[in-house]
Amino acid sequence: MTSLYSQFGRRFFRIACTMMGTMMSTMIGISGPLRAEIPEHMASQVVDQVLAQQNGDYGTLERPEAGPLGQIQEAWNAAEPNAGVYSVNFEPQHIIRLKSRIFTTTSIIFPKWEEIEDISLGDTEAFLAEKKTKNIVSIMPKGEGCDTTLTIIGKSGTVYAFYIRAEGVHSKNVTDVVVYVQGAFPVFQKKRTVLVQNKNGPELGDMKDFTNHTPGDYINTISFAPENITFSFEMSAKNPESIEIAPQKVYSDGIWTWLDYEDTWDRITLPAVYRIVDGVDTPVNTRIKDSKIIVHGTAPLTLKSGQKVVCIMPSEK
């Protein structure tokens, strides 16, 4: 039966080739049939392959077998579950030291409020550094036994400095796979403006209008002392968007605090003001005069507007 099927297959193959030749000769204008002379052994080989491949037999492919690479790092065999995860508190005066390894990546994850603005890699021949998301950078060494520096500048203005060492697969150290850089949004000052000084103190007219008003005879007055005016305050924000609600200038006489928004006061939604008492935000009385929020109290203060938060603290400087 198989022999009969094979003979039929070969005959069918020859007939098909003859028909194809005839069709091609007609298409290109050659008179007479264009007979395809197919050697008997080739027709037999084609038919045999067709029959074998229908049964899933595609023959053997001779090739050398690949051996094991021997590139497994044994330091991971008994490593703790949290091995390879490094958390570091960012300090502006410190260099963050990282251990990387050839054939592996190290992901550096910055706080959610940070956005990577620029990446500067020392040795671009031996290392790769790539921004993956707004606050994640991936690094990978191309070789071992080398080192480099990495500087990342955030949108907050923070400069993050790293020293990176590349080790080999036979290193006894478990290298860093994930690095979490932790830190609060940096203290900032929107504008380094010094108020105009005169013998009566800064902006005395505005202050006297508020503090030296004529009170009722049942209210004790508080005299205004320009010499007590201080400008030593620091502001910190929950996130970059919060900077919008920070005043341009902050100053206080020890009784009242002035939050001056200058020419931005009519372009933003002015925040609610709270005084921090025993670690709790407590409502405090305020009034608005021109571009200033005048607070009936002193720092520490918290300003809030939706998800925007700014803290104002007395400076130790």
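The values are calculated or read from the model by the stated rules, or taken from the named source; none is laboratory data. All figures in this text were calculated on a predicted structure; none of them were measured in a lab. Note that we place each Cβ from the backbone using ideal geometry, even for glycine, and neighbour counts take in every protein chain shown. Surface areas here come from the heavy atoms of the whole protein model, side chains and all, with no ligands, DNA or RNA. Shrake-Rupley method; radii C 1.70, N 1.55, O 1.52, S 1.80 Å.
Structural remarks
- Residue 266-residue 57 pseudo-label distance in nm [points 7 Å out on the Cα-to-Cβ vector]: 9.3 nm
- Amide H partners (placed H, <5 Å) of residue 146, local residues excluded: 166
- In sequence order, calculated HN-Hα J values of the range 292-300 (Karplus, 6.51, -1.76, 1.60; Hz; x Gly/Pro): 10, 9, 9, 9, 7, x, 10, 5, x
- Hz values of 3J(HN,Hα) by residue in the range 146-159 - Karplus curve (6.51, -1.76, 1.60), Gly and Pro given as x: 9, 8, 6, 10, 9, 10, 10, 10, x, 5, 6, x, 6, 10
- Long-range amide H partners of residue 234 with built H, under 5 Å: 313, 315
- Estimated at the nearest 10 Å², the accessible area of residue 281 is 60 Å² with a 1.4 Å probe.
- Counted charge near residue 242, where neighbours are those whose Cβ lies closer than 10 Å (Asp, Glu -1; Lys, Arg +1): +1
- Positive minus negative residues near residue 112 (Lys, Arg vs Asp, Glu; Cβ under 14 Å): 0
- Accessible surface of residue 280 - all protein chains present, 1.4 Å probe, nearest 10 Å²: 80 Å²
- Under 20 Å from residue 172, Cα to Cα: aspartates and glutamates that are on another chain or at least 8 residues apart: 74, 80, 144, 147
- Listed pairs 131/308; 131/249; 155/292; 249/308; 132/304 exceeding 30 Å between Cα atoms: 131/249; 132/304
- Note on residue 234 and residue 91: with the Förster distance fixed at 22 Å, the Cβ-Cβ geometry gives a FRET efficiency of about 0.80.
- In order along the range 76-91, the Karplus-derived 3J(HN,Hα) couplings, from 6.51 cos²θ - 1.76 cosθ + 1.60 at θ = phi - 60°, round to 7, 4, 10, 6, 5, x, 8, 5, x, 10, 10, 10, 9, 7, 5, 10 Hz, and Gly and Pro are given as x.
- Computed accessible area, residue 268, all protein chains, 1.4 angstrom probe, square angstrom: 30 Å²
- Total formal charge among the other residues, if their Cβ is under 12 angstrom from that of residue 134, Lys/Arg +1 and Asp/Glu -1: +1
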